[in-house]
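Written below as structure tokens is the structure these notes are about.
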């Protein structure tokens, strides 16, 4: 019996308050979320994980539905499955901790490092966060610098997008 990797499906979510998105999902769960105008970055990520997606809006629909509800302020937690198999063990551990940050709350990189029992790995947590292929769903926008301020955000329009997401959630930022 030969092993065949999970298939990958590509769908979209358009006309949200933050623009249009492309979503990639496997049979195991969500794999990537990217702004439509950053298609080359999505293509590069999918190439890196050695997967060629097939267009399939029906398979992407549950993911698009929850993301749409969240961006409309009607959802505070994602219940869709996430495919964690494409991460290194450390990335998985760090990003699962980020995924657990409650709606409307924030953490610093050092808080995440402490939560995963690696208190000196806050820079590595930052690096894992920076490569997060599922922004918004894995809420890297909820991670702030040690000074409690906004630092870096690769999605959408950068920091204004991060600020918009946190404001929508009612998070308090310095």
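Structural remarks
- In the stretch 109-119, the residues that are in contact with a helix residue (DSSP H, G or I) (Cβ under 8 Å, 6 or more places away or on another chain) and over 18 Å from residue 134 (Cα atoms): 110, 113, 115, 116, 118, 119
- Search result, residues across the stretch 116-156 that are closer than 26 Å to residue 21 by Cβ, touching a strand residue (DSSP E or B) at 6+ places or on another chain (Cβ under 6 Å) and either surrounded by fewer than 17 Cβ atoms within 10 Å (Cβ to Cβ) or free of Cβ contacts under 8 Å to residues at least 12 places away in the same chain (or both): none
- Meets criteria (at pLDDT 95 or above, in contact with a strand residue (DSSP E or B) (Cβ under 6 Å, 6 or more places away or on another chain) and not in a loop (DSSP other than H, G, I, E, B)) for residue 113: no
- Any hit, the stretch 68-83, residues being at pLDDT below 95, outside any loop (DSSP other than H, G, I, E, B) and buried (at least 17 other Cβ atoms within 10 Å of the Cβ): no
- The combined condition, being more than 20 Å from residue 131 (Cβ to Cβ), surrounded by fewer than 19 Cβ atoms within 10 Å (Cβ to Cβ), in contact with a helix residue (DSSP H, G or I) (Cβ under 7 Å, 6 or more places away or on another chain) and free of Cβ contacts under 8 Å to residues at least 12 places away in the same chain, is not fulfilled by residue 92.
- Total residues in the stretch 90-110 satisfying the condition of being closer than 14 Å to residue 137 by Cβ, part of a helix (DSSP H, G or I) and in contact with a strand residue (DSSP E or B) (Cβ under 8 Å, 6 or more places away or on another chain): the figure is 3.
- Top-ranked residue of the stretch 120-129 - restricted to ones that are touching a helix residue (DSSP H, G or I) at 6+ places or on another chain (Cβ under 8 Å) and assigned to a helix (DSSP H, G or I), ranked as nearest to residue 162 (Cα to Cα): 129
- Condition check for residue 55: surrounded by fewer than 13 Cβ atoms within 10 Å (Cβ to Cβ), touching a strand residue (DSSP E or B) at 6+ places or on another chain (Cβ under 6 Å) and either without any contact (Cβ under 8 Å) to a residue 40 or more places away in the chain or not assigned by TED's automatic domain parsing to the domain that holds residue 138 (or both): yes
- A single entry from 42, 13, 46, 18 fulfils the requirement of being under 16 Å from the mean Cα position of the chain (by Cα), without any contact (Cβ under 8 Å) to a residue 24 or more places away in the chain and outside the structural domain of residue 160 (by TED's automatic domain parsing): 42.
- Residue count for the stretch 153-174 satisfying the condition of being under 19 Å from residue 37 (Cβ atoms), in a loop (DSSP other than H, G, I, E, B) and touching a helix residue (DSSP H, G or I) at 6+ places or on another chain (Cβ under 9 Å): 5.
- Output for the stretch 157-172, where each listed residue is exposed (fewer than 14 other Cβ atoms within 10 Å of the Cβ), closer than 19 Å to residue 71 by Cβ and more than 16 Å from the chain's Cα centre (by Cα): 160, 167, 170
- Residue count for the stretch 21-39 under the criterion of being within 16 Å of the chain's Cα centre (by Cα) and over 19 Å from residue 80 (Cβ atoms): the result is 3.
The values are calculated or read from the model by the stated rules, or taken from the named source; none is laboratory data. If you're wondering where the values come from, they're calculated on a predicted model, not measured in any experiment. Neighbour counts run over all protein chains shown; Cβ positions are idealised from the backbone, glycine included.
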